[in-house]
Structures are given as C-alpha cells and as structure tokens.
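Asks: Before we start, here is the structure in question, set down as structure tokens.
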Ligand code: SF4
Ligand code: SF4
C-alpha cells in the first residue's frame, strides 16, 4: 500500500500529523459563521466560470444529468436488510477497502463526521457518524493549463461519483445506511481527507496525497457503518512545501502565499480567491499550482528519496517541472518567468466580482478544499 511504501521521513520535515488546529477557535468560527458552499457565496463567479469552461463540460453533460438523477434516487435508498451484528468492524473495514479497490477508487479513508466542516445547507442531515473519503487520481497533467486537462479532470470526477454511489450500495447491501454526495459535496473534502490520513495541505491550498499530490478528485460518503477510523498523518509535506514553494513562485495570478496563518482554527496558506478565480475561468481551468508540484509529478516516495540523498527538492527550478504553456498568449514560461496579466483580467467585462468581506458570510471554503 502506498503509505507503507514510503521511506523514513527525515525529522526536519516533520511537523504535526495532519494540520495544526485550535479546537476552541474552530468551534467559535463554526458557531458564529458556519461554512457555505462556494456557489452560494459567489454565484456570479460560479456562473462566469461555468460559462467560460463550458467547452470542457459539454461532452460530460449527459453523464452528469444521469448521475444527478441517480444521486437523488440514492438519497432515498435505505438498506433492505439488518446488519449482521456478528460482523467485526475490522473485517467490515477490510471488505469496504477491497470493494473500493475493485471498483477502481484510488484510495479511501474514514474520518469522523463533523458538522463544522459541512456546508450549512446540509446541517442536520447526517445519517451516521462516519465519512468515507474516496479519492480518484486524475490523468497526467503535463499539458495543463488546457481544455484537454480540464475535460479529463471532469471525467475523473464523474468516475469517482459513480464509484462512490456503488460503494454506498455495497454498504447498504451489508445492512448499513450510506449516502454518497457526488461531485457537489456537502462539506470540505480537504478537512475530511486530512483527518482520514490521505494527505496534508500543501501551500497550494489543496490536499497533497502521497501518490499524486493534488492531481486528484474526491467524493464523500456519509454512513453509519462501524468502520475503523483512520487518523491524520505527518507525511513531511509541510516541511517539503517550505523547501519547495514552486506553486508560490509559478502561480500566474500571484494568488498563493508561502505564509501560513490560523484561519477558522486551522493553520493554512490561504489562496487569494479574487486573483485565482478569474484566472482559472479565463485560462482553461489553470491548474498550474497542481502541475508544478513535485509531489504530484514524481510522487512523495521519490521526493523523499531524493531529499534523503541530496537535501534538494526534486525538479525544483527545472523546466520539466515548473515550465508551462500559457493559453492566454500561447507562450511557454520557464522557471523564473511569469506571464504578464492585464489588470482588467481580474475584473472581466460584464462581471462584478465581489469577494470575502463584502459577503454576509465572509468565508471562502472552496479554494481551500477542492483539488485542482
Ligand atoms: S489555479 Fe492557477 S491562478 Fe489559481 S492558485 Fe492555482 S496556479 Fe494560481
Ligand atoms: S508545489 Fe511545492 S510548495 Fe506547492 S504544494 Fe507542491 S510541494 Fe508544496
């Protein structure tokens, strides 16, 4: 398994399992200002992005419609049998992992359901105290930013939605309640992914998994099946990010900061949504911060092995890792070079983007949680 396969992590890279948290502050932030979905907070930006990325979405529209219909039917589905009270949780967990692998899901982990990380529209709807995080690896990203990559990413997202529904069906066949959430998840997958030990948060604001960095897509399943909980792990990713910073240097929108701060009781590097969102919409989904990440390109095992040998981050300052073709001017930008961005790019004609503090609920869940 990918976790057991890792070399020993050098002590200077280790920080904390998962992320640093201040539970009192997490609770206070939740009580005062629960999380909301990105599309509710920023409907006009959401619509603008969909309009711009429509050519990547269109080929998948029929499948999306079918999956949404199935999700609605599934939301009403209940197990037809009682669970076998003799089933051991360890055995059930193993069977669930095997079922997930047989379906083609890259990795799963089990975290505690926590309403603090569920969007307000879904509060009070839990059917069990566990969240299964299902992660799907996306295809190669060497050609990002490009419509092709965005189109393939959407396909991987649809795959994991379908597999998630089948995994929920598997649990119902064992007599447990289980509801998959499809691609429009009911909460912050990043939080649950970290708690389920599937990775740590990178400076690019995304979950870096050991096998594919943030070149992944997710779905969540809520269940009452008594599965064994996974736990947050220290993969040395925070230490690697501090020595790498490729996404900070290479982000064409200059939207990534290398400084982590406590936000809603969790230590993280906040992405500047006001800069990232319009660039993502206009530059074919962008994703440069996913592409230039060494953990994404080489995998954590290789990054750790190279660091162990040379104390260097593999690929740093090379064109192979950090170079990209910029779709807005058709130019290749290598290490140390960034595309010029006209000012009106951040306020495209016909839009009126309003961010953070102007909102009644000035939080910004999406940029911290979704994969690339
Ligand atoms: S998606 Fe592009 S613009 Fe947004 S943070 Fe990543 S690199 Fe920057
Ligand atoms: S590019 Fe480097 S700094 Fe950014 S998330 Fe990946 S490892 Fe961390």
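Asks: With the requirement that a residue be crowded, with 24+ Cβ neighbours inside 10 Å and either within 11 Å of ligand 2 (Cβ to nearest atom) or assigned to a loop (DSSP other than H, G, I, E, B) (or both), what does the range 216-226 give you?
Replies: Matches in the range 216-226: 225 only.
Asks: Quick check: is even one residue across the range 234-244 within 16 Å of ligand 1 (Cβ to nearest atom), in contact with a helix residue (DSSP H, G or I) (Cβ under 7 Å, 6 or more places away or on another chain), part of a helix (DSSP H, G or I) and more than 27 Å from residue 34 (Cβ to Cβ)?
Replies: Residues of the range 234-244 within 16 Å of ligand 1 (Cβ to nearest atom): 241, 244.
Right, trim to in contact with a helix residue (DSSP H, G or I) (Cβ under 7 Å, 6 or more places away or on another chain) and you get 244.
Within this subset, residues satisfying the condition of being part of a helix (DSSP H, G or I) are 244.
Within this subset, residues satisfying the condition of being more than 27 Å from residue 34 (Cβ to Cβ) are 244.
Yes; the residues of the range 234-244 include at least one that is within 16 Å of ligand 1 (Cβ to nearest atom), in contact with a helix residue (DSSP H, G or I) (Cβ under 7 Å, 6 or more places away or on another chain), part of a helix (DSSP H, G or I) and more than 27 Å from residue 34 (Cβ to Cβ).
Asks: Of the residues 146, 153, 85, only one is at pLDDT below 95, crowded, with 18+ Cβ neighbours inside 10 Å and more than 16 Å from the chain's Cα centre (by Cα); which?
Replies: Details: 153 fails: more than 16 Å from the chain's Cα centre (by Cα); 85 fails: crowded, with 18+ Cβ neighbours inside 10 Å.
Sole residue among the options that is at pLDDT below 95, crowded, with 18+ Cβ neighbours inside 10 Å and more than 16 Å from the chain's Cα centre (by Cα): 146.
Asks: Give me a count of the residues in the range 248-257 that are surrounded by fewer than 17 Cβ atoms within 10 Å (Cβ to Cβ) and within 12 Å of ligand 2 (Cβ to nearest atom). Working first, answer last.
Replies: First, pick out the residues of the range 248-257 that are surrounded by fewer than 17 Cβ atoms within 10 Å (Cβ to Cβ): 254, 257.
Then drop every residue that is not within 12 Å of ligand 2 (Cβ to nearest atom), which leaves 257.
So the answer is 1.
Results for (1) under 30 Å from residue 348 (Cβ atoms); (2) without any contact (Cβ under 8 Å) to a residue 12 or more places away in the chain; (3) near ligand 2 (Cβ under 9 Å from one of its atoms), shown as yes or no for each residue.
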residue	(1), (2), (3)
214	yes, no, yes
233	no, no, no
241	no, no, yes
259	yes, yes, no
266	no, no, no
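Asks: So if I check each of 51, 90, 63, 112, which one is over 26 Å from residue 225 (Cβ atoms) and at pLDDT 90 or above? Explain how you work it out, then say what you get.
Replies: Numbers: 51 fails: at pLDDT 90 or above; 90 fails: over 26 Å from residue 225 (Cβ atoms); 112 fails: over 26 Å from residue 225 (Cβ atoms).
Residue meeting the stated conditions: 63.
Asks: Related question: Among the helices (runs of 4 or more DSSP H) lying completely within the range 1-94, list those that include at least 2 residues that are under 30 Å from residue 284 (Cβ atoms). Talk me through it step by step, then tell me what you get.
Replies: Working: elements: 23-32, 38-41, 43-52, 54-57, 61-75.
Where helices (runs of 4 or more DSSP H) fall fully within the range 1-94 and carry at least 2 residues being under 30 Å from residue 284 (Cβ atoms), they are 38-41, 43-52, 54-57, 61-75.
Asks: Would it be correct to say that residue 133 is within 13 Å of residue 223 (Cβ to Cβ) and within 20 Å of the chain's Cα centre (by Cα)? Walk me through it before giving the result.
Replies: Working: within 13 Å of residue 223 (Cβ to Cβ): yes; within 20 Å of the chain's Cα centre (by Cα): yes.
Criteria met by residue 133.
Asks: I've got another one for you. For residue 290, work out the one condition from (1) touching a residue at least 12 places away in the same chain (Cβ under 8 Å); (2) surrounded by fewer than 17 Cβ atoms within 10 Å (Cβ to Cβ) it doesn't fulfil.
Replies: (2)
Asks: I'm checking my understanding of the structure. Among residues of the range 162-195 that are more than 16 Å from ligand 1 (Cβ to nearest atom) and closer than 26 Å to residue 257 by Cα, which one is farthest from the chain's Cα centre (by Cα)? Write out each step before concluding.
Replies: At the first step, the residues of the range 162-195 found to be more than 16 Å from ligand 1 (Cβ to nearest atom) are 162-189, 191-195.
Adding the requirement that they be closer than 26 Å to residue 257 by Cα leaves 187-189, 191-195.
Values: 187: 11, 188: 8, 189: 6, 191: 9, 192: 10, 193: 8, 194: 10, 195: 13 Å.
Looking at the filtered set, the residue picked out is 195.
Asks: Any chance you could count how many residues in the range 196-205 are within 11 Å of the chain's Cα centre (by Cα) and within 7 Å of ligand 2 (Cβ to nearest atom)?
Replies: 2
The values are calculated or read from the model by the stated rules, or taken from the named source; none is laboratory data. Because the structure is predicted, anything quoted here is derived from the model rather than measured. No Cβ is skipped: glycine too gets one built from the backbone with ideal geometry, and neighbour counts run over all protein chains shown.
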